[in-house]
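Report on the following structure.
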Amino acid sequence: MTDDSSLQDPRTRLVEASIRLLALHGPSEVKARSVAAEAKLSTMGVYTYFGGVPELLQAVADEGFNRQAVVFGRLPPTDDPMADLCAMALACHDFARRNPHLYDLMFGLSIHGRYSPSRGEAQPLLSGQSPSFRTAYGFLLRGCARLVDAKCVRKADPDLIALQFWSALHGFIMLDLAGHFAHTGDAAAGVLVPMCVNLVVGLGAKRDQAEASAACAHAVWAGAQNNKKTKPRNK
């Protein structure tokens, strides 16, 4: 059991305890009693501060998106929107690899129902989503808008471009977390980056420019890795 006495807010203690249990044991151990014990609180605290385990899990997912937004915010912006977008993909992949169970919870890959679009009548993607999700996803939206504004690709709706990038990126991550790319060695270099290049080329970018931008993306990501203590960009 980890001592959370430095965290005075019981809600924070319970969320952090849940994240630790996810990382160590997976979702099966995220129960009211085990989370409360890890946070050094009574089991009743889960119900007092969240209402129940489902609400606690949603708060954990929101914290995951907060952390993802911090990762995106630490990426140093450049004058190359394609490089920046590819660097964001590398950062997202690294975040998922470091936090597989948390990422699973955030996007509902196998842990039931944490992130799910509204059922029934069609609504804009961000309608009804939590502020934490909107903040993290906003980095991708702005990156795709820069692609269009800089005329890196043919004119298109940035929202739809973002959905294409999002679908490709998270499809790759889901397969990678399941071990399907183990035979490729470096899945990011062999699959993820070429996929980003092919996507922007399909949107109208010139292949040689897209490949040059992808090469620069590695430097952008490396710079962020070397400067983790720097203040993130404004959300």
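The values are calculated or read from the model by the stated rules, or taken from the named source; none is laboratory data. This is a predicted model, so every value here is computed, not measured. Here Cβ is always computed from backbone atoms with ideal geometry, including for glycine, and neighbour counts include all displayed protein chains.
Applying the condition of being assigned to a loop (DSSP other than H, G, I, E, B) and not small (G, A, S) to the stretch 125-143 and asking which residue is modelled with the highest pLDDT yields Q129.
When L175 is tested against the conditions (1) at pLDDT below 95; (2) loosely packed, with under 15 Cβ neighbours inside 10 Å; (3) more than 23 Å from F133 (Cβ to Cβ); (4) of a type outside the set (D, E), the lone failure is (3).
One line per residue, one yes/no per condition, for (1) exposed (fewer than 14 other Cβ atoms within 10 Å of the Cβ); (2) modelled with pLDDT of 95 or more; (3) over 12 Å from the mean Cα position of the chain (by Cα); (4) within 13 Å of F65 (Cβ to Cβ):
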{"residue": "L102", "(1), (2), (3), (4)": "no, no, no, yes"}
{"residue": "M106", "(1), (2), (3), (4)": "no, no, no, yes"}
{"residue": "L109", "(1), (2), (3), (4)": "no, no, yes, no"}
{"residue": "S116", "(1), (2), (3), (4)": "yes, no, yes, no"}
{"residue": "G120", "(1), (2), (3), (4)": "yes, no, yes, no"}
{"residue": "Q123", "(1), (2), (3), (4)": "yes, no, yes, no"}
{"residue": "A145", "(1), (2), (3), (4)": "no, yes, yes, no"}
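Scan the stretch 201-222 and tell me whether some residue there is surrounded by fewer than 19 Cβ atoms within 10 Å (Cβ to Cβ), modelled with pLDDT of 75 or more, outside any helix (DSSP H, G or I) and in contact with a Lys or Arg (Cβ under 6 Å, 6 or more places away or on another chain). Yes, the stretch 201-222 contains at least one residue that is surrounded by fewer than 19 Cβ atoms within 10 Å (Cβ to Cβ), modelled with pLDDT of 75 or more, outside any helix (DSSP H, G or I) and in contact with a Lys or Arg (Cβ under 6 Å, 6 or more places away or on another chain).
Scanning the stretch 21-33 for residues that are part of a helix (DSSP H, G or I), crowded, with 17+ Cβ neighbours inside 10 Å and free of Cβ contacts under 8 Å to residues at least 40 places away in the same chain gives L21, A32. Restricting the stretch 37-57 to residues that are surrounded by 19 or more Cβ atoms within 10 Å (Cβ to Cβ) and over 10 Å from P10 (Cα atoms) leaves a set whose member that is farthest from the chain's Cα centre (by Cα) is E38. Per the conditions (1) surrounded by 20 or more Cβ atoms within 10 Å (Cβ to Cβ); (2) modelled with pLDDT of 90 or more; (3) among the small types (G, A, S), the sole criterion not satisfied by A189 is (1). With respect to the conditions (1) of a type in the set (A, V, I, L, M, F, W, C); (2) closer than 21 Å to V193 by Cβ; (3) in the same structural domain as A150 (by TED's automatic domain parsing), F72 falls short on a single one, namely (3).
Might you let me know whether the stretch 188-199 holds any residue that is more than 21 Å from R97 (Cα to Cα) and of a type outside the set (V, I, T)? Yes: the stretch 188-199 contains one or more residues that are more than 21 Å from R97 (Cα to Cα) and of a type outside the set (V, I, T). Would the stretch 39-60 turn up any residue that is closer than 19 Å to I173 by Cα, modelled with pLDDT under 95 and of a type outside the set (D, E)? No, every residue in the stretch 39-60 fails to be closer than 19 Å to I173 by Cα, modelled with pLDDT under 95 and of a type outside the set (D, E).
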